[in-house]
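The values are calculated or read from the model by the stated rules, or taken from the named source; none is laboratory data. Worth saying up front: this structure is predicted, and the values here are computed from it rather than measured. Here the Cβ positions follow ideal geometry from the backbone for every residue, glycine too, while neighbour counts run over all protein chains shown. Calculation scope for accessible area: heavy atoms of the full protein, side chains included, ligands and nucleic acids excluded. Shrake-Rupley method; radii C 1.70, N 1.55, O 1.52, S 1.80 Å.
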Amino acid sequence: MSTVSAPDLVTVGQIERPFGVKGEVKVRPLSDVPGRFETLTDVSLVGRSGKRMETQVTSIRRAGDRFIVGLAGMTTPEEAGQWRGGYIEVSRGPVPALPDGQYYECDLIGLAVRDEQGQPIGTLEQVWELPGNHMFVVRNGSREVLIPAARDLIKAVDLEGRVMTVRMVEGLGT
C-alpha cells in the first residue's frame, strides 16, 4: 500500500466504506482542524493500491463522529467501494512548525514501519489517543501490531523517506 503524500498535501480522512446507493463514502476524519471537513472542495484520493484521483466534493454531512462524502465521478456503490481503506488528501497550506520529536498525525499516517534491524513491520494506519499515551496501529495485511508512541520505542522518524524505525519489545507482536 502506498499512501505517500506529495509534500504540499495532507491526509485528512480515511474512507471506511461506500454509503448508500449514490456512490457516497463514509469517512473517518484524521484532522483535528475545526471545520476542515465542512469546507472541503478539491481533494485527492489515494487508494490502498497507490492509485490516485483528483476530484471535487459534491456533498458532505456529519454522521456521528464520521462524515458522509459525495465525490464527483463516483455515482455507484461499486465505484465508491474501489476506494475502501483509501485516504483523502487536501492542500496543506501553512502550518506551524513543531518542536523536535513531535509530528502532525497526518504526516505519520502511511509511514512504513521497520524494526531496528530494518525488517518491515507494516504501515502505520491509525493513531489512537488513549488516556496515558498515543498508540500507533501498524498493519501488514491482516496482521495488526499496536505500538505505544513512547520515546524509548520510537527510535527514528524519517518523514522524507516515509519510514519510522521502532524498537520491538516482547509482547508487541513480533
Exercise for the section: Could you look through the stretch 149-174, keep only residues that are in contact (Cβ under 8 Å) with a residue 40 or more places away in the chain and β-branched (Val, Ile, Thr), and pick out the one that is surrounded by the fewest Cβ atoms within 10 Å (Cβ to Cβ)? Expected result: Thr174
Exercise for the section: Please work out if Pro99 is loosely packed, with under 14 Cβ neighbours inside 10 Å, over 30 Å from Arg17 (Cβ atoms) and not hydroxyl-bearing (Ser, Thr, Tyr). Expected result: yes
Practice task
Name every residue in the stretch 64-92 that is under 25 Å from Trp128 (Cα atoms), part of a loop (DSSP other than H, G, I, E, B) and either open to solvent by less than 20 Å² (accessible area, probe 1.4 Å) or at pLDDT below 85 (or both), in order of residue number.
Solution key: Trp83, Gly85, Gly86, Arg92
Practice task
May I ask you to say which residue of Pro7, Pro18, Pro34 is at pLDDT below 90 and farther than 26 Å from Ile121 by Cβ?
Solution key: Pro34
Completion exercise
Scanning the stretch 149-174 residue by residue, those under 28 Å from Leu9 (Cβ atoms) and either hydroxyl-bearing (Ser, Thr, Tyr) or assigned to a strand (DSSP E or B) (or both) turn out to be Ile154, Lys155, Ala156, Val157, Asp158, Val163, Met164, Thr165, Val166
Problem - Matching residues, the stretch 113-148, being under 21 Å from Leu98 (Cβ atoms), within 17 Å of the chain's Cα centre (by Cα) and open to solvent by 30 Å² or more (accessible area, probe 1.4 Å) - result: Gln126, Trp128, Glu129, His134, Met135
Exercise for the section: Taking only the stretch 130-148 into account, find how many residues are within 23 Å of Gly85 (Cα to Cα) and not in a strand (DSSP E or B). Expected result: 3
Handout entry: Residue in the stretch 21-63 that is nearest to Thr11 (Cα to Cα), counting only those that are in a loop (DSSP other than H, G, I, E, B) and open to solvent by less than 30 Å² (accessible area, probe 1.4 Å)
Key = Leu30
